[in-house]
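A short worksheet on the structure shown next.
The values are calculated or read from the model by the stated rules, or taken from the named source; none is laboratory data. This is a predicted model, so every value here is computed, not measured. No Cβ is skipped: glycine too gets one built from the backbone with ideal geometry, and neighbour counts run over all protein chains shown.
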């Protein structure tokens, strides 16, 4: 079984049995997101053992931006009865360097998750490069305190 999300011509697929424990797991899950020509923001809703409950497309934006608000991110997590979430978005340029806005919204979402007792485990940026899918984990990069 695969989870398939479609919005405005944007398609995102994940195997429903996928475990999300490392940024590499997110990269495997986000292969198709890395190829998108618009920025998309996805929340991976996880159970207590990091099993994937759902993958929710929260926003589809432009070539260089997607609007994201905590209300939409955590609405999906509450509906899925998630214990934790992993945030994923793509950079269509392939350059996975986070913008100041990427860091700001991640900090905002981490704070909102603490209020709701839904852990934000990581925020992974994906993009397609010459050597395949590039990823940047904000947790591993220590750009944000989770």
Qualifying residue in region 82-89 (condition: surrounded by fewer than 19 Cβ atoms within 10 Å (Cβ to Cβ), without any contact (Cβ under 8 Å) to a residue 40 or more places away in the chain and more than 13 Å from the chain's Cα centre (by Cα)): yes
Flag for residue 75 being surrounded by 14 or more Cβ atoms within 10 Å (Cβ to Cβ) and in contact (Cβ under 8 Å) with a residue 60 or more places away in the chain: no
Test: residue in region 70-89 that is over 19 Å from residue 120 (Cα atoms) and either modelled with pLDDT under 85 or in contact with a helix residue (DSSP H, G or I) (Cβ under 8 Å, 6 or more places away or on another chain) (or both): no
Residue within region 112-128 that is touching a residue at least 12 places away in the same chain (Cβ under 8 Å), under 14 Å from the mean Cα position of the chain (by Cα) and farther than 23 Å from residue 47 by Cβ present: yes
In region 53-67, the residues that are modelled with pLDDT of 85 or more and over 13 Å from residue 90 (Cα atoms): 53
Matching residues, region 1-51, being over 15 Å from residue 133 (Cβ atoms), modelled with pLDDT under 85 and part of a strand (DSSP E or B): 2, 3, 4, 5, 6, 7, 10, 11, 15, 19
